[in-house]
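See below for the structure under consideration.
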């Protein structure tokens, strides 16, 4: 994946020459902004509603690749949330630690949806009216960084350029609000992540897919150094290349996403390994990737966590005029090897063993 240098230079120049000019709004503009705020708020209830909203949007606007990428990454966010109430972390973390970690995951998930989905709805309205409405982005609290990219996309439909711009924008959007927020740094990143690294040896972002043998396979990547915004952006670009850069893989992942409703439980993609039922007896001694009985309890989101009411009062803009943006658009190669199924299976068993050992030590 690479980009035309002249187009990037032109957009960079627009950003450098940015001047804030108040645009008078018509009654129709105000009504549209109000409707976008209302719909975004309604769908921002929890991880399940957000994840579904991304997929529903992508079905209507398949040129907006980011929506499908966001759907799949948001599935992972839900799985991470319910892991905190599942059997691997049961009695390993204190209730307070689990609450803090959930708040961290939930806040990041909600903030990205709050910022990005309003942009998606504005593009939808622009399509319907056959007119660029991106002068309304500031009224929606969106960074000035995004305006030239949306205008370019409306004219040229360069899905790759818009996707990477959204990856850059959303990761910067949560940088100060979540990742480096003093409360989350103290209660989560400086404490819980360190506690978890022995149990959750790798933090996976997984894209499930079925192949001809009808068995579930997994692709994706592992994430380290979550506190580094440049690293998170590169991970996002890598996942995008995997998803849209390999035609057969995209087709297989799409079949899973369209067929399997997101519940937050890992049972969604691996029913022989994970169970949604707390009552089902677990076979925690099995080392099989196709165990006869599930070895891990993985609850659905609605059974694990209640909805959280969020406020979004910070309207500061991460982008400063004159900031260098071109390094973020560096070339990214599509991977030739992508199947993580067996590696993930081995690591799941390591997690179970480590979790059991920690429970014995605690007892």
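Read-outs: derived from the displayed coordinates by stated rules, not from any lab. For clarity, every value in this text was computed on a predicted model and none was experimentally measured. All Cβ positions, even for glycine, are placed from backbone atoms using ideal geometry, and neighbour counts span all protein chains on display.
Brief remarks on what is shown
- In the chain, the calculated helix contribution to ellipticity at 222 nm averages -16500 deg cm²/dmol per residue, counting -39,500 (n - 2.57) for every DSSP H run with n ≥ 4.
- For the stretch 260-312, averaging the sequence separation of C-alpha pairs within contact (under 8 Å, six or more residues apart) and dividing by the residue count gives a relative contact order of 37 percent.
- Summary of packing: across the peptides 306-313, 326-333, the per-residue average of other C-beta atoms within 10 Å ranks them, highest first, as 326-333, 306-313.
- Here the Kirkwood formula puts the hydrodynamic radius of the chain at 21.6 Å, using every distinct Cα pair.
- Counted residue by residue at 0.36 nm each, then reduced by the alpha carbon distance between them, the extension gain from residue 281 to residue 324 reaches 10.0 nm.
- Cα centroid separation - the stretch 71-146 against the stretch 276-297, whole Å: 31
- Per-peptide packing, taken as the mean over residues of other Cβ atoms within 10 Å, places 111-124, 31-44, 93-106, 58-71 in the sequence 111-124, 58-71, 93-106, 31-44 from highest down.
- Label zone of residue 215 (point 7 Å out along Cα→Cβ, amide N under 16 Å): in the stretch 241-285 this covers 270-274.
- The angle between the Cα long axis of helix 147-156 and the main principal axis of the chain comes to about 80°, on a 0 to 90 degree scale.
- Between helix 341-362 and the chain: long-axis angle, C-alpha atoms, 0 to 90°, nearest 10: 60
- C-alpha long axis of helix 5-16 to longest principal axis of the chain, angle in °: 70
- Mean Cβ count within 10 Å, highest first, over the residues of peptides 347-354, 125-132: 347-354, 125-132
- The chain - percent relative contact order, Cα under 8 Å, separation 6 or more: 24
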